[in-house]
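Only one structure is covered here, and it is reproduced in the block below.
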């Protein structure tokens, strides 16, 4: 299949800008879609043409499948890149794209479906030989069954929405009298967020780390891994700082072969193609367990690109066009270390509440080993309609210590006026002994914030 001539980007913000840039580098025309709130957004200006698809609310614009498909038809786009979030893992949308005679730049609808239901994904991974966290065999039928399973597993347990992701519809239960409330809450969140009220139970791994493996597969069954990323610095199950490679795996090198082999097996089991991420929870003893597969590009893919030199979006385009993945595993090497900081328009002093507003001045940091992906600029509005992430800062160096130093320095040099951001908070986290020593787990940042607030009270 020949390369695409025109691609529609069904997203916004920094990822839409990044995709538009790659398309331009490859001589492929780009089509942006935008809401009324984003009519003058950076991703619109970077694209070759754009289509207004609706009013500001995301349900009426960036989730409006009819409008997006009509925009592709009207502009003559041959393919749609969904980026991440929004419609990127929507099975119905992926099917409608194919039915419209267009190419969905991502996995097949069947692969999305196989990994979209987290309970089903566990069984698929288990059958492929991946270790999974002990838990229920599929969704629990009722509270009585949940009680029996939780007692057998031993507290604490984790209640998870079967259709969930990104920490939505998930609750840690430390004692039996809290289980019923957690079940109700997770069912409600699953129903409202994913249209699926089913929940399942897992044994909660205490003080876990969150480590994921990036994979690429083509249409011919050939796949490679691009090492692992550490995503344990989280707040409310949302990643704040990510890095590659994982410092925990670097300290326990015997883990890598098992992790990457398990990731490739899970992806191969569902006939996966394109870019995907297999996520694991890792105990303090170094044992790892499959938790889910994200059938899309990840926000933190940039740290993998930094250490491998592999253009993931470029390969997404080639694979979607039917081209073979010419990368062999031996071709993928790990060079140095990279750290990504997510910069948000939010107030860390007030429970991280989003702080929309207009950017007066905006000067991104530059320099050796500094990459700054953003969807905003001077005289840009950060609206209340969308996620308040305004940029991703990625720093790369020969080792983790230097990458950290570069991140702190780049954050200091980043100028943004008119908005409250978490920039200073990120600098503080990077400078802590806990981060410097990589002695953290997924609950560390919450504990740190709680202790800091208590000290200030």
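The values are calculated or read from the model by the stated rules, or taken from the named source; none is laboratory data. Computed from a predicted structure; not experimentally measured. Quick reminder, even Gly has a Cβ in these numbers, built from the backbone with ideal geometry, and neighbours come from all protein chains shown.
Within region 407-431, which residues are over 25 Å from residue 34 (Cβ atoms) and touching a residue at least 60 places away in the same chain (Cβ under 8 Å)?
407, 411, 414, 420, 422, 423, 424, 425, 426, 429, 430
Say we look at region 85-104 and pick out the residues that are outside any helix (DSSP H, G or I) and touching a strand residue (DSSP E or B) at 6+ places or on another chain (Cβ under 8 Å); which of these is farthest from residue 50 (Cα to Cα)?
Here is the first cut: in region 85-104, the ones outside any helix (DSSP H, G or I) are 85-90, 100-104.
From what's left, touching a strand residue (DSSP E or B) at 6+ places or on another chain (Cβ under 8 Å): 89, 102-104.
Details: 89: 23, 102: 18, 103: 19, 104: 19 Å.
In this case the residue turns out to be 89.
Can you spot a residue in region 309-320 that is surrounded by fewer than 24 Cβ atoms within 10 Å (Cβ to Cβ), in a strand (DSSP E or B) and under 19 Å from the mean Cα position of the chain (by Cα)?
There is no residue in region 309-320 that is surrounded by fewer than 24 Cβ atoms within 10 Å (Cβ to Cβ), in a strand (DSSP E or B) and under 19 Å from the mean Cα position of the chain (by Cα).
I'm told residue 327 meets every condition in (1) within 30 Å of residue 5 (Cα to Cα); (2) touching a strand residue (DSSP E or B) at 6+ places or on another chain (Cβ under 6 Å); (3) crowded, with 18+ Cβ neighbours inside 10 Å except one. Can you identify the failing condition by its number?
So the condition that residue 327 fails would be (3).
Each row is one residue, and each column tells you yes or no for (1) under 20 Å from residue 387 (Cα atoms); (2) in contact (Cβ under 8 Å) with a residue 60 or more places away in the chain.
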position: 8; (1), (2): no, yes
position: 11; (1), (2): yes, yes
position: 58; (1), (2): yes, yes
position: 63; (1), (2): yes, no
position: 94; (1), (2): no, no
position: 98; (1), (2): no, no
position: 110; (1), (2): no, yes
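Got a sec? Which helices (runs of 4 or more DSSP H) wholly within region 331-446 have at least 3 residues that are under 22 Å from the mean Cα position of the chain (by Cα) and more than 28 Å from residue 41 (Cβ to Cβ)? Show your work before the answer.
Details: elements: 400-413, 423-431, 433-436.
Filter on region 331-446 gives 400-413.
Can you tell me how many residues within region 175-191 are touching a residue at least 24 places away in the same chain (Cβ under 8 Å) and under 19 Å from residue 133 (Cβ atoms)?
Within region 175-191, residues that are touching a residue at least 24 places away in the same chain (Cβ under 8 Å) and under 19 Å from residue 133 (Cβ atoms) number 4.
Let's see how each residue does on (1) assigned to a helix (DSSP H, G or I); (2) within 20 Å of the chain's Cα centre (by Cα):
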| position | (1), (2) |
| --- | --- |
| 197 | no, no |
| 207 | no, no |
| 214 | no, yes |
| 225 | no, yes |
| 233 | no, yes |
| 241 | no, yes |
| 250 | yes, no |
| 258 | yes, no |
| 272 | no, yes |
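With the condition kept exactly as written, say whether any residue in region 151-159 is modelled with pLDDT under 90 and in a strand (DSSP E or B). I'd like the intermediate steps shown before the answer.
Filtering region 151-159 for residues modelled with pLDDT under 90 gives none.
No, every residue in region 151-159 fails to be modelled with pLDDT under 90 and in a strand (DSSP E or B).
Among the residues of region 44-61, are any closer than 26 Å to residue 321 by Cβ and under 22 Å from the mean Cα position of the chain (by Cα)? So that I can check it myself, show each step before the final result.
Let us first name the residues in region 44-61 that are closer than 26 Å to residue 321 by Cβ, namely 44, 46-51, 53.
Pick out the ones that are also under 22 Å from the mean Cα position of the chain (by Cα) and you get none.
Among the residues of region 44-61, not one is closer than 26 Å to residue 321 by Cβ and under 22 Å from the mean Cα position of the chain (by Cα), which makes the answer no.
Checking residue 105 against (1) out of contact with any helix residue (DSSP H, G or I) (no Cβ under 7 Å at 6 or more places or on another chain); (2) modelled with pLDDT of 95 or more; (3) buried (at least 22 other Cβ atoms within 10 Å of the Cβ), which single condition isn't satisfied?
The single condition residue 105 does not satisfy is (1).
Please find, among 126, 122, the residue that is within 25 Å of residue 299 (Cα to Cα) and either outside the structural domain of residue 195 (by TED's automatic domain parsing) or buried (at least 18 other Cβ atoms within 10 Å of the Cβ) (or both). Break it down stepwise before answering.
Details: 126 fails: within 25 Å of residue 299 (Cα to Cα).
Residue meeting the stated conditions: 122.
Sort through 418, 443 and tell me the only one that's surrounded by fewer than 21 Cβ atoms within 10 Å (Cβ to Cβ), in contact with a strand residue (DSSP E or B) (Cβ under 9 Å, 6 or more places away or on another chain) and at positive phi.
Values: 443 fails: at positive phi.
Selected residue: 418, the only one of 418, 443 that is surrounded by fewer than 21 Cβ atoms within 10 Å (Cβ to Cβ), in contact with a strand residue (DSSP E or B) (Cβ under 9 Å, 6 or more places away or on another chain) and at positive phi.
Sort through 203, 160 and tell me the only one that's in contact (Cβ under 8 Å) with a residue 12 or more places away in the chain and under 21 Å from the mean Cα position of the chain (by Cα).
Working: 203 fails: under 21 Å from the mean Cα position of the chain (by Cα).
The conditions single out 160.
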